[in-house]
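What follows draws every value from the coordinates through simple rules; no lab data is involved. Please read all numbers here as calculations on a predicted model, not as lab measurements. Using ideal geometry, Cβ is built from the backbone for each residue, glycine included, and neighbour counts are taken over all protein chains shown.
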Amino acid sequence: MAPCRFGAWDVSATGVRGLAGVEASWAERRVVRFAVLGDLHYVHREAEGAPVSAREYYALSRDVILPLLRQVRAQAPDFIVHTGDIVEGHLGSEAEAEAEIGAVIELLQEIAPTFFARGNHDASGAAGRVYARLIPRHHGRLLGRAMADGTYCFTFRAGPAEFIVTNTFCAGREAEQRAWLEEALSRPAAPRRFVVGHGPLFPVGRPFFTHLPFCRGAAELIHRYGADAYFCGHTHNQLVTLHEPLQPGEGTPILQCKGSLVGTFDAGRTVSLARARRLVGRGEAIRYFWGLLEDGWPGWFLVTASAEEVVLEGYYWSSPETWTRGVLRWQRPGAVDVLELPQWPGTRAFQPEDLGQVKRAWLRLCGYKVKAEPPKEVLLNGQPIGALPGLGAFAPRPWLSVPEWALGLLRIRNEVLVRNPAGESFCLGGGQLILELRNGERVLSLPDPRLWSTDEGFSDRDHVNLVFCRDEWVGPMVLAFEGEA
Ligand SMILES: [Fe+2]
């Protein structure tokens, strides 16, 4: 294949430059090998007065994204598929947003031709307006066909594989985009077909965290018409799962591959998702291959596809040079063999004598729309241990530190209640106790699988394990150190 490289990327380009199009250069290929990256949240320079999130993402861009992009380059993929949120999108001026988006396009293009699905951070403010111009023009240049500004859904062909790129965060345009997706899926299929979007079809491990009004219908279509995999991001957890149709036997299982290039090299924050969350869904049968809770090791996929088979490798980085890998292979969509599983940092099994060795403990609770005021008292085994911090986006980060005096309250089986004094609408879940022992080891309780909602208006009403709670006290969440994981 003739290499398709751009030099300096001209972000002021106004349209198709008459390139022959990369599809033609791949037409005779029997095998293609591509990288799938997601959620760069790229911030290209440190700015005075930038929000905390932008400063954190600048540090991640420097310390994680750039070293890992060098690793992507070392694999020499034929092309890159990006699942959205290329930038953090915090900048107020279009000129600045254009410089930032231009910088990240150039970074990726220097590795290989790159195709983008639109993320929610690419969709609003100055970044949204710039993305709407630059990215369709970029795709137009790559593919040698005109693409109007604001075009986010498109297809392309690379040898034996067809890619259907959707726009999952499409509030108000769901029906139109579903019709587009059905039209794309109902065309005669290439030997391999991959669907790409930002939001998960199945927000496993991070409930509600997608755009369900589109994604539910999209999942039904993909079950019906079949695809080799659905690639997405958004939740920042690393996860590969296979989902049977809700009605067994009606359609093809969907292999959902969620990845995130933002993450940390910190083994202490790297927890198997199955160990930290119950893998809740709508009740469909889920086959779990591997996953990591948000904020753990960053990762990306390398996929080798031919008419005969697909091999998917997920690389998860414990440093800029060291990785662990999961490998799947299939001939038919849904009939997936595991060739290799990634090796995560272990958590030691609990022993009853650990309760006498606890140096520190945290309660992890995740939530939506939980305001810090008025205070929401937390009871551990009947005793108040503090109040909830404000919780949003079901992020796993804010842990409530268990006061030293309360360490003696810990039992093998613990109950947690949260007070909702003003009858506010919120959702809580992902409860877990984390113990740090005197020898430095960490022990995790089993996660409570339930999601507690104080409002029936939450969008995912048929989520399995959703519990409506209209009482003053939410819970009790049961966090036990023994039993079935
Ligand atoms: Fe993101």
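As I understand it, the dipole of the stretch 307-400 uses +1 on the Cβ of Lys and Arg and -1 on the Cβ of Asp and Glu, about the Cα centre. Which of G367, I385, G356 lies farthest toward its positive end?
Result: I385.
Counting Lys and Arg as +1 and Asp and Glu as -1, each charge on the Cβ, what is the dipole of the chain about the Cα centre in debye, to the nearest 20? Could you put the intermediate results ahead of the total?
Values: 51 positive and 56 negative charges, 102 e Å.
Rounded to the nearest 20 debye, it is 500 debye.
Within 10 Å of each residue's Cβ, count the other Cβ atoms and sort M147, M477 from fewest upward. Numbers along the way, then the final one.
Details: M147 19, M477 24.
Going from least to most buried by this count: M147, M477.
Using helices alone, I'd like the mean residue ellipticity at 222 nm for the chain: each DSSP H run of four-plus residues gives -39500 (n - 2.57), total over residue count, nearest 500.
On the way: 8 runs with 90 residues, N = 485.
My calculation for the chain gives -5500 deg cm²/dmol from helical runs alone.
Calculate the length of the line joining the C-alpha centroid of the stretch 349-402 to that of the stretch 299-334, in whole Å.
Between the Cα centres of the stretch 349-402 and the stretch 299-334 lies a distance of 36 Å.
Once you put a point 7 Å from the Cα of E308 and another 7 Å from the Cα of A99, both along the Cβ direction, what distance in nm separates them?
For E308 paired with A99, the spin-label model returns 5.1 nm.
I'd like the distance separating the alpha-carbon centroids of the stretch 205-219 and the stretch 25-68, in whole Å.
One Cα centre to the other: 24 Å.
Fewest Cβ neighbours within 10 Å first, please rank D122, D149 accordingly.
On the way: D122 27, D149 14.
Final ranking by Cβ density, sparse to dense: D149, D122.
I'd like the antiparallel share, as a percent to the nearest 5, of DSSP beta bridges with both residues in the stretch 5-340.
Numbers: 42 of 61 bridges.
If I count the DSSP bridges inside the stretch 5-340, around 70 percent turn out antiparallel.
Tell me, Y288, Y42, Y225 in order of fewest to most beta-carbon neighbours within 10 Å?
Numbers: Y288 15, Y42 27, Y225 19.
Going from sparsest to densest Cβ surroundings: Y288, Y225, Y42.
Using +1 at the Cβ of each Lys and Arg and -1 at the Cβ of each Asp and Glu in the chain, identify which of P113, A50, L293 lies farthest towards the dipole's positive end.
Positive-most Cα among the choices belongs to P113.
Given points 7 Å out from each Cα along the Cα-Cβ axis, report the A189 to R73 separation in nanometres with one decimal.
The two pseudo-label positions are separated by 3.7 nm.
As I understand it, the dipole of the chain uses +1 on the Cβ of Lys and Arg and -1 on the Cβ of Asp and Glu, about the Cα centre. Which of W26, L143, W399 lies farthest toward its positive end?
In the chain, that residue is W26.
Do any GluC sites (Glu not before Pro) in the stretch 127-210 lie in a loop, going by DSSP, with at most 14 other beta-carbon atoms within 10 Å of their beta carbon, and if so which?
Answer by residue number: there is no such site.
The stretch 395-437: which GluC sites (Glu not before Pro) are DSSP loop and have at most 16 other beta-carbon atoms within 10 angstrom? Display every interim value, and only then the final one.
Values: sites: E404, E415, E424, E436; in loops: E424.
For GluC sites (Glu not before Pro) across the stretch 395-437 that sit outside H, G, I, E and B with at most 16 neighbouring Cβ atoms in 10 Å, the list reads E424.
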